[in-house]
1. Most fluctuating residue of 119, 142, 97 in a GNM of the chain with Cα springs under 10 Å: which is it?
2. For the stretch 150-243, with only Lys/Arg (+1) and Asp/Glu (-1) charged at the beta-carbon, what is the dipole magnitude about the Cα centre, in debye rounded to 20?
3. Once the piece of chain linking residue 124 and residue 26 is laid out straight, how much longer is it, given 0.36 nm per residue of separation minus the C-alpha distance between them?
4. What is the distance in Å between the Cα centroid of the stretch 126-184 and that of the stretch 13-79?
5. First check a/c for the stretch 109-249, with a ≥ b ≥ c the square roots of the eigenvalues of its C-alpha gyration tensor; if it is under 1.5, answer rounded, and if not, answer prolate when a/b is larger than b/c or oblate otherwise.
6. Quote the FRET efficiency, to the nearest 0.05, computed for residue 7 versus residue 88 with a Förster distance R0 of 41 Å and r equal to the Cβ-Cβ distance.
7. With r as the distance between the Cβ atoms of residue 65 and residue 14 and R0 = 22 Å, compute the FRET efficiency 1/(1 + (r/R0)^6) and round to 0.05.
8. Defining a contact as two alpha carbons under 8 Å apart and six or more residues distant in sequence, what relative contact order in percent does the stretch 1-123 show?
Amino acid sequence: MITEVQTHHKASINDLQLMPRFAVLDPCLTVGLPPQVTAQTGMDALCHAVEAYTNDTYNSDFERLMCSKAVRLIHESLLTAYEDGTNLQARQDMQEAAFHAGRAFTRGSVGYVHAIGHALSGLYGVPHGLVMAILLPHVMRAYGSSVYDKLADLCDICAMEVDTPDGMISAEVRAETFLQWMEELKEKLGIPKYPDMIREEDVNQIVKWAQKEANPVYPVPEIWDAQEMKEFVLAMMEGARLEGAEKNE
């Protein structure tokens, strides 16, 4: 990623020459990371895997396998790595998860979490992983039924317990279970529910940058036009306002 100094606009560059031949995964190198860095980078890896898996258009069985492994490892180990930074098994699991997710989204691509998140992190100087973590469940909820089957798959892959009082374990119910897990994980990791940095005068610029990055490049489950993107950003602003009001009461 590069950031234009004057505009704070983030953009990506890519070339086959930038692709490494080897990745060295040493959990000992991450032991000293502050808990919040562990949380935010771990959620960024989750975002890579979930976005790539729900995109699906360019994925082969290999990318779907990489996403599945990444999400399962994160489900099992991120909270442990956050709470006990010296746990080398959890650290190793998270490094492997980040690697698998990276392999997956290299082909499967990312989506509107990244498109909107890049605009916010560039414009306001907010850490990338933090913005990804905040936006991920909101974007997935906004996709609605177009991602139910994929999120239900991830729920099954993680062997999550599904609350089904009526005995009907539908894709929607399993997708909701996965969404609730992401939201609860955010809270346990100390990550805000909504992005509180958005200024109303910047909304049109955010939408313009996000649209330019995402459409038609990202193979998202459903395409949002500029008005739909704006409504989402405004909903995030309203959520942050209400969240702030509750804290001040």
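1. Between 119, 142, 97, it is 142 that shows the largest mean-square fluctuation.
2. For the stretch 150-243, the charge dipole is close to 380 debye.
3. 32.1 nm
4. Distance between centres, Cα-based: 18 Å.
5. Judged from the Cα gyration tensor, the stretch 109-249 comes out oblate (a/c at least 1.5, b/c at or above a/b).
6. Here the calculated transfer efficiency is 0.45.
7. Approximately 0.45, to the nearest 0.05.
8. 35 percent
Only the coordinates and a few stated rules stand behind these numbers; no lab work does. As the structure is a computational prediction, the values presented were derived from the model and not from experiment. For neighbour counting, all protein chains shown are included, and Cβ atoms are generated from backbone atoms with ideal geometry for every residue, glycine included.
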